[in-house]
Structure formats: structure tokens, C-alpha cells
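Single-structure report; data block below.
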Amino acid sequence: MADRVTVIGWDGSPLTAAARGALGAATLVAGAAHHLALPEVPPAAERVRLGSLPLAARRIAAHRGTAVVLADGDPGFFGVVRTLRAPEYGLEVEVVPAVSSVATAFARAGMPWDDAQVVVAHPRTLRRAVNVCRAHTKVAVLTAPGAGPAELGLLLEGVHRTFVVCEELGTEREQVSVVTSDKAADHTWRDPNVVIVIGGPAGAAEGGGWIAGRDPGTGPRGWVQPDASYAVATTHGPGGGSAHGPGAGPAHGPGGGPGGGPAGVLGEGEKELLRAAQLARLGPRTGDLVWDIGCGAGAFAAEAARAGAAVIAVDRDPAACARTEGAARRFGVQLQVVHGSAPHVLENLPEPDVVRVGGGGPAVVSAVADRRPRRIVTHAATRDAAERVGRDLTEHGYRVQCALIQSVELDTRAWTETERNVAFLLSGVLPERAP
């Protein structure tokens, strides 16, 4: 095992005395090509080009002598320190930090970054990194070959963002470019690079926030908001039910309709208690992409976005699309609204993690199941309709749950019933992809 391992962060500045001392005593030096070319690297030291970190860690662990690892930026921030400290290598690590590449990138852009999300994009995590860029207004992306600015731009199709691309920070070849996301694929970018992705209003409160990243305390309290928060009226049919009859679900025929009634009416599939149950079953979270098909007034879409997920809201009714965009503005969230009829409009959408089907009926549920999201939730007006949807989800390999949900709203002045809603809540979980 190596006698001592020192990890030195490098940001292009002259090395500190501590870093020079450790490097001068090294018998093995690992780093990128530009690190190994530094004049302070001892000529007699064994040199290891960093590629696979686990492979480099094994070579360092087997080395008899003093090892130094050079890494860009702060090596403890999404860096090599985590790998080297893994128990299987048994290494004792000392760290000489430097300014992180994320901090340097924002400095070059002249922007604060306490309100930014920071993600790492490898080919295996690229999709989730893109979903964070869809959902948030300021994101720093630490890229990798095959998951760089061009790939980010291609996967953000339909969502406008501004990219500040910082290439080879701290070197003589450092370059900072500003492009729109749709143009990023037209360039060839040099590694390593950091991409600052900007879109929408600033995320932090005026004068600065109190927590790094997205402030989870912004907006009104509660995972779901009262129906009245969406500035729509409800209508009542005979017997105190909604005008669509008890449990009116997504049985509007194929097409991803509004899942409710005429403009200005909150559909029963969007009512507060059913909406809360749908959110609980799906559990949208940061890095997820949510489809909300038949988005209606945008209640579910806005609340999934408040949970930190990226959301694509679909509806065939232009008025529903406008109401959803309005809900997003009121709650200060980012989401993409797509006008079109399901299932056809779904064909060109990026792969979802979880899906709410609020309109379109069994045909849309079946088309969604073909795309294999982790979870699907929908509702039905009758037991027969629920059984049809449940059988189809089962045939697609989903584990199905169904619950009959009844909510009764009371006027607390006289404690009399004002509205009653009944629906069959169905959810499907794909075991092979859970959670």
C-alpha cells in the first residue's frame, strides 16, 4: 500500500507550498495529461494517466512509496476523493483543495451560484441531469465525454435554455461561450467543460437566500393546494356531486382531453384529495420526468414540478394548456406544455419516469404502459372501467393497486354536505424498474 496519498486540487493557479512539497516527494503521480505536464512533477516519478478511477485507485494502493493525485478544481466536490476513500482500497488520504470548477465557471460568467443546482452528467446519468435542467432555472452541469453540451442540448429539445459553456478552465486554452440550447449540438466542445444552464426567472429570493440550491420553502405550504388555488370554479350536479357525475374519470375517449369539464371547471381527476393520492402513489422527485396527460387546470402538473421533478403536461384543449401555463407562472415552477391528442402526441416525447393519466381512457393508459415508466396512476368512474385498465396494466407487467376513494366536502357553518366525489384510483408499479 502507498505510504501516503495526497490529493491536490488544481485550478490553474500556482501551486501552494504544501502542494509543491507533496508533489516533490512523490514517487507516483496520477492525473490528466495537463497535470502530468506540470514542471513540478518529479522526472523520476511513475506517471499514471487518470481514466478509470477504480483502476487508478488499485494501482495507487499497490504502490510502495508516496503517491500524489492531481485533479481539476476541488477534488472533494464530485471528485476523486470519494473513490480513493472507498474501504476496499484502504488508503489514508490528505487533501489540498482548490477552487471548484463550478465556482470558477460562475465567476467567469459573473453570476452568483448559491441558488444553483449542481449535477454530474455521465452517459448513465445524462437523462436525469437533463431533467434537472428542465425543472430548474439555474443548473451547473459537470460534464463527461458523451454527456457534454451537445448531448444536453439535443435532449432539451422543445425547452429553451441558455448555455454558458466553460471549456478547459484554468488552462491557456480556457474559453467561455454563450449559446442557446438548440445550437449547442452545432459545435464541437473541448473536455473538460462545465455548462451553466439558465432559463426562467431567478431562483433565489431578492437579497439572497438561506440555503444552497433550490429553496424547498418557497411557495405556499402543503404538498397539494386547495382547488380554489387554481382559480377555477366547480359546478354541482343533482345530489351535491360534480356536474360530471360521481367519479367522472378519464373516460373522454382517446386523445388526452382535459380530464375535466368545460373551460373554468376543475375536473374530478384534479380534485384536491384525489390529487394528493395520485402524487403520493407516483412520488415525483428531482431527476424524474413526469408526464401529466390530460392536464386540465394544471393542478397536478404544478404540484409535481413543486416537488422538483421535470414535467411535461399534455392536453388536446388549448384552453387547458393556457390554464396549465398560468398555474406554472403563479407557483413559480418550470414545466413544458404540449398541445396535442394522446396517444399520438406521446410518440415524440422523451421517456418518462412516472405518468399520471388524467384523460384519454384505457387506450392512452395502454400506450403509456408501452413506454415502460416506473409508475402509472389514473382513475376511473366505474368498477368495470377500473377492471379494464387494471387488466391491461397487469398484462403489461405492472403490479396493480386499486382503491375506491370517496371524498365528501362539508360546509362547516352548518356541517352539511356540499359536494361528494367518488373515483377508483388505479396505480401500476413496474417491478423491474421500481422504485
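The values are calculated or read from the model by the stated rules, or taken from the named source; none is laboratory data. Note that the coordinates shown come from a computational prediction; the quantities given were computed from them, not determined experimentally. In this analysis, Cβ positions are derived from the backbone assuming ideal geometry, glycine residues included, and neighbour counts consider all displayed protein chains. The protein model used for the area step is the full one, side chains on, heavy atoms only, and it has no ligands, DNA or RNA in it. Shrake-Rupley method; radii C 1.70, N 1.55, O 1.52, S 1.80 Å.
Filtered by the rule that a residue be over 16 Å from Val93 (Cβ atoms) and among the β-branched types (Val, Ile, Thr), segment 24-46 gives Thr27, Val41. For Val422, state whether it is within 30 Å of Arg128 (Cβ to Cβ) and either modelled with pLDDT under 95 or within 26 Å of the chain's Cα centre (by Cα) (or both). In short, no.
Pro435 falls short on exactly one of the conditions (1) of a type outside the set (Asp, Glu); (2) modelled with pLDDT of 95 or more; (3) not in a strand (DSSP E or B), and that condition is (2). Under 7 Å by Cβ, and 6 or more places apart or on different chains, what pairs join a residue from segment 373-397 that is at positive phi with one that is assigned to a loop (DSSP other than H, G, I, E, B)? The qualifying pairs are Gly397/Leu430. Among the residues of segment 170-182, just one is modelled with pLDDT of 95 or more, more than 19 Å from Pro123 (Cα to Cα) and in contact with a Gly (Cβ under 7 Å, 6 or more places away or on another chain), namely Asp182. Taken over segment 410-432, the residue count meeting the criterion of being part of a strand (DSSP E or B), in contact (Cβ under 8 Å) with a residue 12 or more places away in the chain and farther than 16 Å from Gly358 by Cα is 5. For segment 304-363, the strands (runs of 3 or more DSSP E) that sit wholly inside it and include 1 or more residues that are more than 15 Å from Val290 (Cβ to Cβ) are 336-339. Arg285 satisfies every condition listed in (1) part of a loop (DSSP other than H, G, I, E, B); (2) in contact (Cβ under 8 Å) with a residue 40 or more places away in the chain; (3) open to solvent by 20 Å² or more (accessible area, probe 1.4 Å) except (2). Counting only residues that are touching an Asp or Glu at 6+ places or on another chain (Cβ under 8 Å), assigned to a loop (DSSP other than H, G, I, E, B) and modelled with pLDDT of 80 or more, which one in segment 215-234 is least open to solvent (accessible area, probe 1.4 Å)? Only one residue tops the list, namely Gln225.
Residues in segment 74-103 that are part of a helix (DSSP H, G or I) and either within 29 Å of the chain's Cα centre (by Cα) or within 19 Å of Ala144 (Cβ to Cβ) (or both): Val80, Val81, Arg82, Thr83, Leu84, Ser101, Val102, Ala103. When segment 1-18 is limited to residues that are touching a strand residue (DSSP E or B) at 6+ places or on another chain (Cβ under 7 Å) and hydroxyl-bearing (Ser, Thr, Tyr), the one that is nearest to Thr83 (Cα to Cα) turns out to be Thr6. Candidates in segment 39-73 are the residues that are assigned to a loop (DSSP other than H, G, I, E, B), open to solvent by 60 Å² or more (accessible area, probe 1.4 Å) and under 21 Å from Asp11 (Cα atoms); of these, the one that is modelled with the lowest pLDDT is Gly51.
If the condition is being more than 18 Å from Ala423 (Cβ to Cβ), open to solvent by less than 50 Å² (accessible area, probe 1.4 Å) and not in a loop (DSSP other than H, G, I, E, B), then segment 364-391 contributes Ser366, Ala367, Val368, Ala369.
Residues that are part of a loop (DSSP other than H, G, I, E, B) and surrounded by fewer than 18 Cβ atoms within 10 Å (Cβ to Cβ) within segment 110-127 comprise Gly110, Met111, Pro112, Asp114, His122, Pro123, Arg124, Thr125, listed in sequence order. The residues of segment 139-174 that are open to solvent by less than 20 Å² (accessible area, probe 1.4 Å), within 24 Å of Phe331 (Cα to Cα) and either not hydrophobic (A, V, I, L, M, F, W, C) or not in a loop (DSSP other than H, G, I, E, B) (or both), listed by number, are Val139, Ala140, Arg161. Being more than 18 Å from Thr286 (Cα to Cα), touching a residue at least 40 places away in the same chain (Cβ under 8 Å) and buried (at least 21 other Cβ atoms within 10 Å of the Cβ), is that true of even one residue in segment 128-135? No: segment 128-135 contains no residue that is more than 18 Å from Thr286 (Cα to Cα), touching a residue at least 40 places away in the same chain (Cβ under 8 Å) and buried (at least 21 other Cβ atoms within 10 Å of the Cβ). Looking only at segment 252-309, residues that are aromatic (Phe, Trp, Tyr) and either over 19 Å from Gln225 (Cα atoms) or modelled with pLDDT under 95 (or both) come to 1 in all. Select, from Ala30, Ala18, the only residue that is more than 23 Å from Ala103 (Cβ to Cβ) and not charged (D, E, K, R). Residue meeting the stated conditions: Ala30. Residue count for segment 10-21, restricted to those that are touching a residue at least 24 places away in the same chain (Cβ under 8 Å), of a type outside the set (D, E, K, R) and either in a loop (DSSP other than H, G, I, E, B) or open to solvent by 10 Å² or more (accessible area, probe 1.4 Å) (or both): 6.
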